[in-house]
Amino acid sequence: MNAMQFLISTLFDLFLMVVLLRFWLQWAKADFYNPMSQFVVKATSFAVKPLRKIIPGFGGLDLASLLLAFFVAAAKISVLMWLIYKSWAIQPVLIQALITVLKEGLNLVFWVLIIRAILSWVSQGYNPIEAVFHQLTEPMLKPIRKILPSLGGLDLSVLVLIIGIQFLQMLLMDLLV
């Protein structure tokens, strides 16, 4: 049973991260002609396009992608609840879905920052994935760089943001428990 829970959770979480990445790409006004952006758009269009007919964007935010993320999280919780408890209740599903979207959003930012940091050490020249990660994370890192003193070429803004994300995740879990 644990193997099935792991597989279901992993599949839903991966798709949820791609949907949240689509929302983030549009919010950050990242290059949608980039190969990685094109993958994200193609992987989620089948579900986002019908929702866009019902839910328009607002203020540059892709609300259809955000709603899809909530639906994916609710479906994950529902399937796992049914698999484990053989029952289903709407209130816990809605609350857990919201928590799951927040948690996966923070995880997504964390992993994009980690990958961006690793790519900055090893890439040699232009890398399209690194370019998109730069577009996604730079709006969050720039204010931190303004506050941190210059350390002779050493950029600690990524580390500060990662610590902040970890703090938010722990705070979120403490508030919910």
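At-a-glance table
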{"item": "Subset of region 62-96 that is of a type in the set (S, T, N, Q) and open to solvent by 60 Å² or more (accessible area, probe 1.4 Å) - its residue that is nearest to Leu14 (Cα to Cα)", "result": "Gln96"}
{"item": "Complete set of residues in region 111-131 that are open to solvent by 40 Å² or more (accessible area, probe 1.4 Å) and of a type in the set (A, V, I, L, M, F, W, C)", "result": "Trp111, Ile114, Ile115, Ile118, Trp121, Val122, Ile129"}
{"item": "Answer residue from region 145-159, given it is touching a Leu at 6+ places or on another chain (Cβ under 7 Å) and assigned to a helix (DSSP H, G or I) and is nearest to Ile114 (Cα to Cα) among those", "result": "Val158"}
{"item": "Region 134-161: number of residues that are under 24 Å from Gln26 (Cβ atoms) and surrounded by 15 or more Cβ atoms within 10 Å (Cβ to Cβ)", "result": "10"}
{"item": "Subset of region 1-42 (residues that are of a type in the set (Gly, Ala, Ser) and under 15 Å from the mean Cα position of the chain (by Cα))", "result": "Ala28, Ala30, Ser37"}
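Yes or no, residue by residue, for (1) touching a Gly at 6+ places or on another chain (Cβ under 7 Å); (2) touching a residue at least 60 places away in the same chain (Cβ under 8 Å); (3) under 25 Å from Leu172 (Cα atoms):
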| residue | (1), (2), (3) |
| --- | --- |
| Phe32 | no, no, no |
| Ser45 | no, no, no |
| Leu61 | no, no, yes |
| Ala73 | no, yes, yes |
| Leu80 | no, yes, yes |
| Leu83 | no, yes, no |
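The values are calculated or read from the model by the stated rules, or taken from the named source; none is laboratory data. These numbers were taken from a predicted model, which means no experiment stands behind them. Because the Cβ atoms are built from the backbone with ideal geometry, glycine has one as well, and the counts that use them run over all protein chains shown. We work out accessible area using only protein heavy atoms, side chains counted, and drop any ligands, DNA or RNA first. Shrake-Rupley method; radii C 1.70, N 1.55, O 1.52, S 1.80 Å.
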